[in-house]
Amino acid sequence: MTDVEKLSVDVATVEMLKKAQAEGIETIFDRAEKMKPCPIGAEGACCRICSQGPCRVPPPKKAKEGEEQKPQAVGLCGATAATITARNFARMVASGSAAHNDHSRGTALLFKEVAHGRTQGYELKDVTKLKQMAKDFGVAITEGEGEDAKPRGKEVIAQELADVILKEFGKQEGELINVQRAPKKRQEIWRKEGVVPRGCDIEIVELMHRTHMGVDQEYQNIVKQCTRCALSDGWGGSMISTDLQDILFGTPVPVAGEINLGVLKEDHVNIIIHGHEPLLPEMIAVAVQEPEMISYAQNKGAKGIQLAGMCCSANEILMRHGIPCAGNYLQQELAIITGAVDAMVVDVQCEMQSLANVAKCYHTKLITTDKRARIEGETMHIPFDDHHALDVARKVVREAIDNFPNRRSPVLIPEASYPTIVGFSYETIRYLLGGSIRGSYYTLNDNIIGGRVRGVAGVVGCNNCRTTHDNSHLTMIKELLKNDVIVLTTGCSAMACGKVGLLTPEAAKQYCGEGLAEVLETVGLPPVLHMGACVDNSRILMAATACVKAGGLGNDISDLPAAGAAPEWMSEKAISIGHYFVTSGVYTMFGVTWPTTGSELLTDHLFKGLEETYGGKWDFEVDPELAAKKMIAHIDLKRKALGIDKARERVLYDMDMRRQMEEAAHAAEH
Ligand code: BF8
Ligand code: SF4
């Protein structure tokens with residue numbers, strides 16, 4: 001029997017795994033034990049894009065002394081390992097970019113319907129952001145000339161903006177409008193390389209075409225199209241969905257919340273919303289507060305309704321409303337195993353098919369809501385419809401309430417949840433750093449230049465059952481904080497942090513080096529800033545750009561003392577995100593496993609070659625502490641290039657001196 005204590009550093013997860021074992025319920029952790037990954041596929045060295053394969057081309061064993069080194073095999077068609085691994089990598093980028101862009105298109109379509117007043121329950125909440133976005137997209141916010149100019153109505157602006165935005169996805173030529181938000185130098189690099197993205201539709205289709213049998217067979221050229229495709233995610237779809245969701249549901253500001261399975265309540269109807277698109281969750285959040293719904297729940301014997309999130313849907317409603325989060329990716333089955341979840345409502349992405357089986361063993365209703373994502377088995381489908389979204393939400397909530405009396409197995413909810421402060425949008429960080437009038441990222445830059453803050457790291461991404469749950473996120477982040485590197489986080493990484501208290505201002509003192517702790521305590525910020533869901537990695541791009549524009553730290557993202565990481569990544573979206581960060585100029589570290597080790601040529605190109613062009617590069621390190629050290633070394637290199645390495649040395653010296661003085665004073669007192 002598996003020793004569950006070794007599978008996760010999260011107490012709630014371990015407790016639920018014990019319950020699963022006792023009740024004979026199989027989880028992803030058991031399957032990971034039984035099924036080892038295919039070693040050739042794991043290296044990206046298996047090609048199955050035509051029916052003459054699959055062709056396997058792993059690197060040959062190193063020849064013994066005196067023996068001749070065997071060359072690496074090629075596929076039946078002659079495709080080399082570099083081509084095969086590059087094609088596999090490219091298809092991950094295509095799928096990841098498609099996931100974010102398709103999410104974004106859905107949001108844009110809803111936005112258009114809201115603008116025309118054709119929806120139920122939605123409104124245009126953040127008009128300031130609407131106007132800002134309209135300006136960026138060339139939509140007038142006033143009408144008439146000069147003194148006669150009058151502000152246009154928000155609906156009219158939104159209607160026009162929706163049409164401009166919807167054209168972005170299918171743009172056949174030219175450049176995505178948001179590219180203009182990047183630092184000037186970055187735009188020049190992209191233009192020179194010919195990688196400025198057009199619409200995601202063409203970039204993804206072209207990448208899929210190029211990776212068809214017998215098309216693009218030069219790995220550098222395949223990677224180039226990966227770049228366009230990934231940039232159409234980061235600066236395209238992801239950024240558009242973040243902005244539109246902020247306009248529709250509100251731009252996040254700091255709010256208190258709680259994270260972990262302990263947020264479920266035994267005597268309440270528990271509803272978990274799991275997935276990625278906040279459109280329906282926003283309406284469910286409204287429906288559960290309606291007095292008729294609460295009394296309906298009470299009539300069924302519950303004290304009330306507890307709504308909680310899982311995965312990125314959780315991040316969306318946590319950031320905007322403080323609705324608690326039940327856990328991250330590897331906890332989805334475990335939530336059901338508590339026996340307390342009356343309905344789990346899913347839309348798209350990162351939902352394990354096994355949920356249907358686990359739900360069957362308890363009383364949980366698994367409700368799919370998106371026409372693109374059904375799950376086989378005893379699931380219920382209640383389709384989302386933006387024209388009647390609130391009614392759909394009410395239907396979902398009623399299903400959960402009706403299911404409350406059906407609870408059967410003993411309920412066990414771990415007593416684990418941690419208070420957090422979340423909601424750090426790019427705009428909020430600017431405000432907190434400098435107030436509304438002089439709000440600017442310059443305060444952060446100033447602290448970086450002065451050396452109190454050594455640098456900035458974005459630590460994001462998934463859980464992966466091939467490594468100890470949450471451990472790499474936490475080990476890496478603690479190492480960074482100890483070395484005065486402030487951390488921005490999104491996705492499942494953010495929840496790992498929340499579960500151990502890293503998303504509280506109090507954590508600054510406990511985990512940070514002196515310089516960073518001092519800065520954070522002055523402004524009252526947590527050392528790890530939760531910036532949202534995975535599409536909200538675009539907020540990190542905006543924050544990085546704002547740092548460049550605030551001055552003093554070079555003139556491009558690649559000049560910043562910054563690094564990115566996804567230490568427990570597993571999804572194709574993570575590869576798309578990683579690639580747009582690398583080609584936006586960021587040193588990007590991945591953990592667990594790396595999908596191109598089957599080709600040294602391609603791996604070298606990604607880990608070294610790209611840096612010459614983009615100033616950013618990929619890297620891979622399994623050990624999270626070592627990975628953090630490499631990130632810090634990169635940050636220090638950038639500090640040196642900026643000529644601010646001395647400042648830090650001086651500050652450190654000052655700190656040491658101060659400590660010595662304090663010790664001396666202390667000794668003198670006694
Ligand atoms: O988009 S971090 S496991 S939940 S893919 Fe999925 Fe990875 Fe979690 Fe959100 Ni992102
Ligand atoms: Fe094999 Fe070439 Fe077909 Fe790939 S495309 S499966 S390498 S024959």
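The values are calculated or read from the model by the stated rules, or taken from the named source; none is laboratory data. These numbers were taken from a predicted model, which means no experiment stands behind them. Every residue, glycine among them, receives a Cβ derived from its backbone with ideal geometry; neighbour counts consider all protein chains shown.
When residues of segment 306-320 are filtered for being closer than 14 Å to His530 by Cα and not polar (S, T, N, Q), how many remain?
8
Out of the helices (runs of 4 or more DSSP H) lying entirely within segment 186-303, which hold 3 or more residues that are of a type in the set (S, T, N, Q)?
In segment 186-303, 219-231, 239-249, 291-299 are the helices (runs of 4 or more DSSP H) which contain 3 or more residues that are of a type in the set (S, T, N, Q).
Taking interchain pairs and intrachain pairs at least six residues apart, which have beta carbon atoms under 9 angstrom, with the first residue in segment 198-215 and more than 10 Å from Cys229 (Cα to Cα) and the second more than 16 Å from ligand 1 (Cβ to nearest atom) and small (Gly, Ala, Ser)?
So the pair list comes out as Met208/Ala90; Arg210/Ala90; Thr211/Ala86; Thr211/Ala90; Met213/Ala79; Gly214/Ala79.
Only one of Leu488, Leu503, Leu516 is more than 25 Å from Leu637 (Cα to Cα) and surrounded by 20 or more Cβ atoms within 10 Å (Cβ to Cβ); which?
Of the residues listed, the single one that is more than 25 Å from Leu637 (Cα to Cα) and surrounded by 20 or more Cβ atoms within 10 Å (Cβ to Cβ) is Leu503.
For residues that are within 18 Å of Asp246 (Cβ to Cβ) and part of a helix (DSSP H, G or I), scanning just segment 304-316, find the one that is nearest to ligand 1 (Cβ to nearest atom).
Filtering first and then ranking leaves Cys312.
So Ala517 fits all but one of (1) of a type in the set (Gly, Ala, Ser); (2) in contact (Cβ under 8 Å) with a residue 12 or more places away in the chain; (3) touching a helix residue (DSSP H, G or I) at 6+ places or on another chain (Cβ under 7 Å); what number is the exception?
The single condition Ala517 does not satisfy is (2).
Go through segment 532-570 and count every residue that is among the acidic types (Asp, Glu), in a helix (DSSP H, G or I) and within 16 Å of ligand 1 (Cβ to nearest atom).
Total meeting the criteria: 1.
Pick out the one residue from Ile317, Ile305 that is in contact (Cβ under 8 Å) with a residue 12 or more places away in the chain and in contact with a Pro (Cβ under 6 Å, 6 or more places away or on another chain).
Exactly one of Ile317, Ile305 is in contact (Cβ under 8 Å) with a residue 12 or more places away in the chain and in contact with a Pro (Cβ under 6 Å, 6 or more places away or on another chain), namely Ile317.
Give me the pairs, please: first residue somewhere in segment 346-361 and surrounded by fewer than 18 Cβ atoms within 10 Å (Cβ to Cβ), second residue anywhere and in a helix (DSSP H, G or I) and among the small types (Gly, Ala, Ser), beta-carbon distance under 8 Å, and either six or more positions apart or on two chains.
none
For residues that are in contact (Cβ under 8 Å) with a residue 12 or more places away in the chain and not charged (D, E, K, R), scanning just segment 48-59, find the one that is nearest to ligand 1 (Cβ to nearest atom).
Ile49
For segment 580-599, how many residues meet the condition of being within 18 Å of Arg186 (Cα to Cα) and either in a loop (DSSP other than H, G, I, E, B) or out of contact with any Phe, Trp or Tyr (no Cβ under 8 Å at 6 or more places or on another chain) (or both)?
So the count comes out to 6.
Output the residues belonging to segment 448-469 that are of a type in the set (Val, Ile, Thr), away from ligand 1 (no atom under 15 Å from the Cβ) and assigned to a loop (DSSP other than H, G, I, E, B).
Val453, Thr468
When you go through Asp3, Asp10, Asp30 one by one, which is the residue that is within 16 Å of ligand 1 (Cβ to nearest atom) and either in contact with a His (Cβ under 8 Å, 6 or more places away or on another chain) or of a type in the set (D, E, K, R) (or both)?
Every option except Asp10 fails the conditions.
Scan segment 561-615 for residues that are surrounded by fewer than 24 Cβ atoms within 10 Å (Cβ to Cβ) and more than 18 Å from Ala496 (Cβ to Cβ) and report the count.
19
Of Gly515, Gly552, Gly498, Gly524, which residue is more than 16 Å from ligand 2 (Cβ to nearest atom) and in contact with a Ser or Thr (Cβ under 6 Å, 6 or more places away or on another chain)?
Gly498
Does segment 213-225 contain at least one residue that is within 16 Å of ligand 1 (Cβ to nearest atom), touching a Cys at 6+ places or on another chain (Cβ under 8 Å) and on the phi > 0 side of the Ramachandran plot?
No, segment 213-225 contains no residue that is within 16 Å of ligand 1 (Cβ to nearest atom), touching a Cys at 6+ places or on another chain (Cβ under 8 Å) and on the phi > 0 side of the Ramachandran plot.
For (1) within 11 Å of ligand 2 (Cβ to nearest atom); (2) in contact (Cβ under 8 Å) with a residue 12 or more places away in the chain; (3) aliphatic (A, V, I, L, M), each residue gets a yes or a no:
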{"residue": "Lys61", "(1), (2), (3)": "no, no, no"}
{"residue": "Lys70", "(1), (2), (3)": "no, no, no"}
{"residue": "Ala73", "(1), (2), (3)": "yes, yes, yes"}
{"residue": "Asn88", "(1), (2), (3)": "yes, yes, no"}
{"residue": "Arg91", "(1), (2), (3)": "no, yes, no"}
{"residue": "Ala98", "(1), (2), (3)": "no, yes, yes"}
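Away from ligand 1 (no atom under 16 Å from the Cβ) and over 27 Å from the mean Cα position of the chain (by Cα): does that describe Gly44?
no
Ala45: surrounded by 15 or more Cβ atoms within 10 Å (Cβ to Cβ), closer than 13 Å to Thr597 by Cα and touching a residue at least 40 places away in the same chain (Cβ under 8 Å), yes or no?
yes
From the set of residues in segment 470-526 that are within 15 Å of ligand 1 (Cβ to nearest atom) and either over 22 Å from Gly591 (Cβ atoms) or not in a helix (DSSP H, G or I) (or both), which is farthest from the chain's Cα centre (by Cα)?
Asp470
Is it the case that Pro37 is away from ligand 2 (no atom under 16 Å from the Cβ), exposed (fewer than 15 other Cβ atoms within 10 Å of the Cβ) and at pLDDT 95 or above?
Yes, satisfied.
Matching residues to (1) more than 16 Å from ligand 2 (Cβ to nearest atom); (2) surrounded by fewer than 24 Cβ atoms within 10 Å (Cβ to Cβ); (3) over 24 Å from the mean Cα position of the chain (by Cα):
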residue	(1), (2), (3)
His274	yes, no, no
Lys303	yes, yes, yes
Ala314	yes, no, no
Gly322	yes, yes, no
Asn328	yes, no, no
Ala340	yes, no, yes
His363	yes, yes, yes
Asp385	yes, yes, yes
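Return the residues of segment 100-115 that are without any contact (Cβ under 8 Å) to a residue 60 or more places away in the chain and of a type outside the set (A, V, I, L, M); say none if nothing qualifies.
Lys112
Given the conditions (1) modelled with pLDDT of 95 or more; (2) more than 16 Å from ligand 2 (Cβ to nearest atom); (3) surrounded by fewer than 17 Cβ atoms within 10 Å (Cβ to Cβ), which single one is not true for Lys19?
(3)
Any chance segment 113-135 includes a residue that's closer than 19 Å to Gly199 by Cα and part of a helix (DSSP H, G or I)?
The answer is yes; a qualifying residue exists.
For segment 64-75, indicate whether the set of residues that are among the β-branched types (Val, Ile, Thr) and touching a Ser or Thr at 6+ places or on another chain (Cβ under 6 Å) is non-empty.
Yes - at least one qualifying residue is present in segment 64-75.
Just to confirm my filter: which strands (runs of 3 or more DSSP E) fall fully inside segment 317-378 and include at least 1 residues that are within 16 Å of ligand 1 (Cβ to nearest atom)?
By residue number, 325-327, 341-346.
Before we move on, is Ile305 of a type in the set (A, V, I, L, M) and under 26 Å from Gly121 (Cβ atoms)?
yes
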